[in-house]
Every structure is written in C-alpha cells, then in structure tokens.
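The values are calculated or read from the model by the stated rules, or taken from the named source; none is laboratory data. These numbers come from a predicted model, not from an experiment. All Cβ positions, even for glycine, are placed from backbone atoms using ideal geometry, and neighbour counts span all protein chains on display. In case anyone asks, the SASA skips ligands and DNA or RNA and just uses the protein heavy atoms, side chains included. Shrake-Rupley method; radii C 1.70, N 1.55, O 1.52, S 1.80 Å.
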Amino acid sequence: MEIIVEMAEYKVEYEGTNEIVEVSDKHTILRGCLRDGIAQEYSCRVGMCLACCAEIVEGEVIQPAAHALTKIEREKYALTCMARPLTDLILRRGVYPPSVELDP
C-alpha cells in the first residue's frame with residue numbers, strides 16, 4: 001500500500017519588500033528563504049539566538065520548539081528557523097519581542 005503525504009504550500013511575504021517565498025507546511029520559513037535567496041537573518045538555527053525573529057503581521061505559524069519565546073510571544077513573533085506556516089503570512093523583519101532587551 002502506498003502512502004501519499006500531501007503538503008500545503010503557503011505564501012510568506014516580508015512587509016515593505018518585494019520578497020515573497022512559497023513554503024511548505026513541512027519546512028521552516030528560514031529553509032524556504034535560503035532556498036530562494038531571500039536575505040533572512042539567522043545565526044544558531046535552533047531557536048535560541050533570536051536573530052531570525054520576525055513579527056507576525058498576518059497569519060499563523062507552528063513553532064513548538066521556539067523555547068526562546070514565551071507562549072504569548074509565540075503568537076505574535078516567528079523564529080523563522082523553527083516556524084512552519086499554517087496559513088499565508090505577512091512578516092515584519094527587525095522587530096523583536098518586548099522581553100528581548102537590545103543595546104542601543
């Protein structure tokens with residue numbers, strides 16, 4: 001018996017740019033960006049450094065391994081190295097959760 005696994009494809013758009021990437025619900029947003037040459041910042045690739053963080057303007061993601069974010073922050077921010085799309089998305093780069101203190 002052959003098992004067929006269907007993958008949904010979602011559009012991930014970066015607000016204020018012309019950058020749009022199609023990402024499967026089985027892959028991370030960062031993986032799609034790297035595949036398509038989209039300049040998404042990243043460092044650790046394991047959800048701890050927050051370099052790949054983006055604010056979710058519209059849409060939903062799943063990111064159960066995003067331990068650097070609080071439960072509430074996971075609803076508003078995506079760690080693109082961990083997050084997989086559940087819907088089409090609009091993301092805003094360079095915006096970090098309030099719990100992250102950046103040096104001026």
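Descriptive notes on the structure:
- Pairwise centroid distance, computed over Cα atoms, of region 1-51 with region 58-101, Å: 12
- Cα-based shape type of region 36-104, given that a ≥ b ≥ c are square roots of the gyration tensor eigenvalues and the cut on a/c is 1.5: rounded
- Charge dipole (Cα centre; +1 on Lys/Arg Cβ, -1 on Asp/Glu Cβ; no other charges) of the chain amounts to roughly 320 debye.
- Around Ile56: net Lys/Arg minus Asp/Glu count, Cβ-Cβ under 12 Å: -4
- Look at the alpha carbon pairs under 8 Å that are at least 6 residues apart: their mean separation over the length of the chain gives a relative contact order of 32 percent.
- Accessible surface for the chain, divided over its residues, is 63 Å² per residue with a 1.4 Å probe.
- The fraction of accessible area contributed by carbon and sulfur in region 1-84 is 50 percent, rounded to a whole number (1.4 Å probe; ligands and nucleic acids excluded).
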